[in-house]
Amino acid sequence: MARPVLLIAGGSRGIGAATGRFAGERGYDVAINFVKRADAAADVANAVKMSGGKAVAIQGDMTKEADIVRVFDETTRALGPITHFVHSSGIGGKNSRLEAASADTIREVIDVNLYGAIICAREAVRRMSTAQGGKGGSIVLLSSIAAVTGGAGEYVFYAAAKGGVDALTNGLAREVATEGVRVNAIRPGPTVTEIHEPGRLERITPLLPMKRPGQPEEIAEAVLFVLSEAASYISGAVLNVSGAR
């Protein structure tokens, strides 16, 4: 029986890397997309191979349509038809109040977190949807609890982009509900990853309900659950994995 094929956009670090390692342990072949961190992506690929799966690391900028299409195509050539997709590419941008944010910062944050997610989701549906000749599949998008809290004083532009991811999840899930494709999102709370500016996690930890940030592995567990057939009747859901934040 063929192993499921998972492509992770932004899979070289943080939540994406943890998801890739867990997926390898649980029977997936995995494609790890990266922009600059070839060494980190290779480490995740090697972990998947050590677990008995096939893996490939593929460079590509998930804000560029041509790169996105190429990464999907290269994944298919290397591993076979994509059955699962996770969008974990994300940046917070330079933290500031909105009136202090540059247009370049706002644009970059929206391009990475929202535009890239939309184009990636489009490409996943083109390959998975039974209406397009596919065999179905599962899509998980990484949102953020900032979509709920608003990110005031730090990055309302990031929160707005992640709010768009929530809307994308809701609408696309309904659009492809009869085409064998499930679409869900995970809203992590503050998590120990490189997305934060230096010192931010230490500053906000006392304000968190659990008095600690999450670990990438804790978020990855939720991603793998909604990605899997154990969640076969879950679509259009946005799950908070935020330590009660």
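The values are calculated or read from the model by the stated rules, or taken from the named source; none is laboratory data. Values in this document were obtained by computation on a predicted structure and should not be read as measured data. Please note: Cβ atoms are built from the backbone with ideal geometry, for glycine as well, and neighbour counts cover all protein chains shown.
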Scanning region 154-174 for residues that are under 23 Å from ARG126 (Cβ atoms) and free of Cβ contacts under 8 Å to residues at least 24 places away in the same chain, the one surrounded by the most Cβ atoms within 10 Å (Cβ to Cβ) turns out to be ALA167
Restricted to region 100-112 and to residues being surrounded by fewer than 15 Cβ atoms within 10 Å (Cβ to Cβ) and small (Gly, Ala, Ser), the residue nearest to GLY199 (Cα to Cα) is ALA100
Counting only residues that are over 16 Å from the mean Cα position of the chain (by Cα) and not in a loop (DSSP other than H, G, I, E, B), region 29-56 contains a total of 14
Given the conditions (1) of a type in the set (S, T, N, Q); (2) in contact with a strand residue (DSSP E or B) (Cβ under 8 Å, 6 or more places away or on another chain); (3) touching a residue at least 60 places away in the same chain (Cβ under 8 Å), every one holds for SER129 apart from (3)
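Table: residues versus (1) over 21 Å from PRO198 (Cα atoms); (2) charged (D, E, K, R); (3) free of Cβ contacts under 8 Å to residues at least 60 places away in the same chain.
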| site | (1), (2), (3) |
| --- | --- |
| VAL30 | yes, no, yes |
| ASP39 | yes, yes, yes |
| GLY52 | yes, no, yes |
| VAL69 | yes, no, yes |
| THR83 | yes, no, no |
| LEU98 | no, no, yes |
| LEU114 | yes, no, yes |
>> Can you say whether ARG97 is at pLDDT 95 or above, surrounded by fewer than 14 Cβ atoms within 10 Å (Cβ to Cβ) and within 18 Å of GLY137 (Cβ to Cβ), as far as the supplied structure shows?
In response: no
Output for Cβ contacts, cut-off 7 Å, separation at least six or different chains, first residue free of Cβ contacts under 8 Å to residues at least 60 places away in the same chain and assigned to a helix (DSSP H, G or I) in region 184-207, second exposed (fewer than 15 other Cβ atoms within 10 Å of the Cβ) and basic (Lys, Arg), reads THR205/LYS211; THR205/ARG212
Within region 207-245, residues being of a type in the set (Lys, Arg) and either under 13 Å from VAL183 (Cβ atoms) or surrounded by fewer than 16 Cβ atoms within 10 Å (Cβ to Cβ) (or both) number 2
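Conditions (1) touching a Ser or Thr at 6+ places or on another chain (Cβ under 7 Å); (2) not basic (Lys, Arg), marked per residue:
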{"site": "ALA152", "(1), (2)": "no, yes"}
{"site": "LYS162", "(1), (2)": "yes, no"}
{"site": "ALA167", "(1), (2)": "no, yes"}
{"site": "GLU179", "(1), (2)": "yes, yes"}
{"site": "ASN184", "(1), (2)": "yes, yes"}
{"site": "PRO188", "(1), (2)": "yes, yes"}
{"site": "VAL192", "(1), (2)": "no, yes"}
{"site": "LYS211", "(1), (2)": "yes, no"}
{"site": "PHE225", "(1), (2)": "no, yes"}
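Which members of region 177-192 meet the condition of being among the hydrophobic types (A, V, I, L, M, F, W, C), crowded, with 19+ Cβ neighbours inside 10 Å and under 16 Å from the mean Cα position of the chain (by Cα)?
Matches in region 177-192: VAL183, ALA185, ILE186.
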In this structure, does SER144 turn out to be hydroxyl-bearing (Ser, Thr, Tyr), closer than 19 Å to PRO216 by Cβ and modelled with pLDDT of 95 or more? yes
Do we find a residue being closer than 20 Å to ARG182 by Cβ and not in a strand (DSSP E or B) anywhere in region 63-71?
no
